[in-house]
Structure formats: structure tokens, C-alpha cells
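> Got a structure for you, questions after.
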Amino acid sequence: MAIACDRVLDLAPGFVLGALDAADMAAVREHLGTCTEPHPELREMGGVLAYIGDSLDPVEPPRHLRDAVMAAAQADLRARSAEKVAPAAVAPAPISLARVRALRTHRATVWLTRAAAAVVIVGLGGYALAVQGDLARAHQAQDHANTVLHYMQVPGARSAVLTPELGRQGAGDAVLLPSGHVYVLLHGLEPTKGDEVYMVWSSADGGTIARDGWFTVDDQGEGSLEMDNVPPSDSLWLMVCREPNSNVEKPTGPAIVTGTIWVYSVPAPTPTD
Amino acid sequence: MRQVAAGEIGGLESLYDRYHAMAYALALRITTETGLAEDVVQDSFLGLWRNAGRYAEDKGSVKGWLLAIVRHRAIDSMRRRRNGVTIGDETEEPLPAALTLPDIWPEVAGRLDAQRIRLALAKLPVVQRDAIELAYFDGLTQREIATRTGAPLGTVKSRMRLGLLSLRRELIDVADGSDGTGPTSRAAGASTLPRTGPEGEG
């Protein structure tokens, strides 16, 4: 529907506030896409909108939100890197939430571990693989990075950045879904040798340390672990240790990376208006 | 912002540290739920991160753009929730268009804080302020506002127009101190807007 400049002037207040019916919003957008007039009324009225938001007193969000935002951005960055590696090979659409949920549904109902060296390649590792022409593995890098990203976008998902202990190499992300599913993705790890494994240990709310599973790492330095049925808690502390073998029942090796997923949220304040 | 556009996490950390409390306050005001507000803020910063290359410095401040994204996402999430759809079930929503970016008024913006802005809002006729707030915070369309308030649609449109223009004038006056409060005065304890006031137009 083509509209004239006078009509845009009439619709301007509702347009800047996003309060027009969909058809009118579309008509204004269509007009502005082709009109050469400056339409200063839109800037005059739209200019006050940011100040309406500024009328609110700042509210400090839970501290885990910062970790979640940065972890999501890092996962996005890795997904972009993987795309650059092999754009033709990794161009397919990102994993849909429906797929993520389907994966979650079909996973074992016990704590599930997965050896990562054979299946997980992300980030910088993807670059080296692409140089070798291993586009399939680069594709997996994209797939896993997208999985992390989409897990983080599941409503109620909580995440943490896993950071290296002093003098250690490695980093990663962990995402906890409301269903109790945890996805841990690590990179920059030193390769394991012989029977060595990376073991994931966790402690809910500062309680007993539990053994969650293990994985090995090849030259690409990547590893991942998935766990199901993690009991609800306000916080989940994760520690990844390098252990001499997969039979250890308590942490014996050096802690490589650690991080805490904070689940607890402050109660909503009483609405002020 | 250039750092963010270049994919530097440090740039995003700086923006988050500077604006997270304001973004969260707006998301919480619109959604009234902490969990949903957190999702909205995370989604908004991620949207900013992914689209930083589209940011045009001459069209408005980073804060203004971020708050526009937060508001857009929060209202959208509430609408989807009303329709039985949750965040993440939808395809990527477009970010607010450039024309919804704020006019920065650099000479004015630096002298405005939350209390002064509340003071300017409080000076609006209550029906004008309600029309603006129902659209801004509750995401109602003009037609929905007309239904809710019982006012004719044309009246709602008129109230919005007059309210926005009046608010612009009030903000300038408040920032200049020409409203009689002086440039350093504060509306003490004005945590909420008064619900009474002149009717203004009709």
C-alpha cells in the first residue's frame, strides 16, 4: 500500500512507538524506503523514546547474566570462525531449537559422557582441519558451536565461561538447561596421551564433588561432554582435571579449567507502576 | 562499538558493564519477570553483538540503540508469550529500524538523568503520559490503547502526538533548568510517576 508523506506525518507518533497496526507499520516502512524527504517529524518524536527508558532506575541483574552473555558471544564468534573456514561446507542453516530439543529427548537418561576427540572440532581447530581439507570435521565445528549457541537461547538456560586455572591451558563454555541437561564445550586443551583423560567433576551448591564423565583430546585441543538429569541446584561448580586414566573416583590430577553456572535468580521486585 | 563490530569480546564486556543495569531495568519493567528479563537482556546484547556492523554513529547513541533493542525484544517476548510462543521458537526478529534511533541532542542528553526525565514525564497531562507508557512499556497498539482506555482511536493518536512533542519540550526545559527547578535540582523520591494531572486535550 503506497502512502503519501502527509500520511506518514499522521502516522509518525504510532510508528516511532511501534504502536501502529501491522499494515500501517509496513506502509510507513515501505514509504521511507523510497521517499527522498527527510521526515524530521520521525526524528523529533522518536528522539524522546530513549529517554523514556532512561526514566527507570537501573536494576542490577544476577551476576551469572554477564557470563551467559559473554559465553553466547564467544560461541557465536566460534560459529563465525567455522563459517570462514569452509563457507561452502558449513553454510547450511544453524541447528534449530526443534533439533536441539529432539537431541535432548533422545539422549540417555543417565549422566552421559562422550569421547570428544573423535567428534568435536571447533574454533581455531577448525582452521587447521580445513587446511587439511577435512571439511566434514570443520562442519562439525560449526555444528557444535551452533549447538552451544542455541542451547544458550533456550528459555531458562544458564551458562558459565570455563576459565583456565593459573598456568593451565584451555577454556570453554558450559550450558545448563532447565531440563537438567548440561553441555560442556572446551578448546585449547593439551592433547591427552596414553590412558590420560580429561575428567569433568561437579559440585552442586558446594556439596559433594561428583564424577560426571571424561573425554580425550587430540591435537586439535577440543573436547565436549554432555550430561543429563543433573539435579536442580542454585549453582553448579564445574572442574575439568587431567587424570591419569578414566577409572579415578576422585580428582587426582591438576585442575585445568573451572567455572560456576549460577541458577539462582533474585525475586522480581514489586512493579512500581 | 568498533571493537564489538570487529568481534572483540572485550568491547562487548565494556558495553555490558556500562549498560547492563539500564537494559535489565527496562526488560524487567516490561516483562515483570526476572527470568524472562534475563533472557531478553542476553538476547539483546547478542543481537547488538551480531549486528554491531550496522550501527551508525551519526544516527544515535549506542545506549539508545541498545535500549531500543531491549524494548523491542521484551515487548516481542510478551506478545509471543500471550500467543503461547516462547523466545527461541521464532525466527530471528529484525532489530529496530534506524529511524527509531534517538535524536541524541548532545547538548541536552548529558544533563539528563533518571529523576529529571521522570520530572519531565510527570509534567505531561496524565492521559498523554498514559498513552505513551502503554505503548512504550506494555507494547500496546493505538487501537488496543483505545479499547483499554475507552477513548476514541483518533483521541489516542492525538494524545500520543501531543505527548511526544510535549515531552521533547519538557526534556529540553528540564535539562536547561528553565522549568524553574534549576539545573541541579532533583525530584526527590520520584520513583513512580503520579497518576493525577491535568487532562490536557481530549
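> Per residue of A:65-77, count partner chain C-beta atoms within 10 Å of its C-beta, then hand back the mean as an integer.
On the way: counts 11, 7, 0, 6, 14, 8, 1, 7, 14, 3, 1, 4, 5.
Counting Cβ atoms of other protein chains within 10 Å of each residue's Cβ and averaging gives 6.
> Could you order peptides A:230-236, A:70-76, A:153-159 by the average number of other Cβ atoms within 10 Å of their residues, highest first?
A:70-76, A:153-159, A:230-236
> How large is the direction-averaged shadow of the alpha-carbon convex hull of the range B:106-176, in nm²?
Numbers: hull surface 18.7 nm².
Projected area, direction-averaged: 4.7 nm².
> Tally Lys and Arg at +1 and Asp and Glu at -1 over the other residues with C-beta under 10 Å from the C-beta of B:GLN142: what net charge comes out?
Details: positive: B:ARG143, B:LYS157, B:ARG159; negative: A:ASP21, A:ASP24, B:GLU144.
Within the 10 Å Cβ shell, the charges total 0.
> Could you give each residue of the range A:178-185 its phi-based ³J(HN,Hα) in whole Hz, using Karplus coefficients 6.51, -1.76, 1.60 with θ = phi - 60°, and x for Gly or Pro?
x, 6, x, 8, 10, 10, 10, 10
> Taking the Cα centre of the range A:5-54 as origin, work out the dipole magnitude from +1 charges on Lys and Arg Cβ and -1 charges on Asp and Glu Cβ, in debye rounded to 20. Kindly include the intermediate steps, with their values, before the conclusion.
Numbers: 3 positive and 9 negative charges, 25 e Å.
Once rounded to the nearest 20, the dipole reads 120 debye.
> Using Cα centres only, tell me the gap between the range B:115-167 and the range A:176-223 in whole Å.
Taking the Cα centre of the range A:176-223 as reference, the centre of the range B:115-167 is 53 Å away.
> Let me ask something additional. Which order do peptides A:220-227, A:194-201 fall in by mean Cβ count within 10 Å, highest first?
A:220-227, A:194-201
> Distance in nm between label sites at B:SER14 and A:THR36, each 7 Å beyond Cα in the beta-carbon direction?
Those two pseudo-labels are separated by 4.0 nm.
> Still on this structure, please answer the following. Is there a simple number for the mean count of other chain Cβ atoms within 10 Å of the Cβ of residues in B:39-52, and what is it? All intermediate terms of the calculation are to be shown ahead of the outcome.
Numbers: counts 8, 0, 5, 13, 4, 1, 7, 9, 0, 2, 7, 4, 0, 0.
Rounded to a whole number, the mean comes out at 4.
> Averaged over its residues, how many other protein chain Cβ atoms are within 10 Å of peptide A:145-152's Cβ atoms?
Working: counts 0, 0, 0, 0, 1, 1, 0, 5.
Taking all residues of A:145-152 together, the mean is 1.
> Separate question: Per residue of the range A:22-33, what does 6.51 cos²θ - 1.76 cosθ + 1.60 with θ = phi - 60° give for ³J(HN,Hα)? Whole Hz please, x for Gly and Pro, Karplus curve as stated.
So the J values, rounded to whole Hz, are 4, 5, 5, 4, 5, 5, 5, 4, 4, 4, 5, x.
The numbers here are math on the coordinates, done by the rules we state, and not lab data. Quick caveat: nothing in here was measured; it's all calculated off a predicted structure. Using ideal geometry, Cβ is built from the backbone for each residue, glycine included, and neighbour counts are taken over all protein chains shown.
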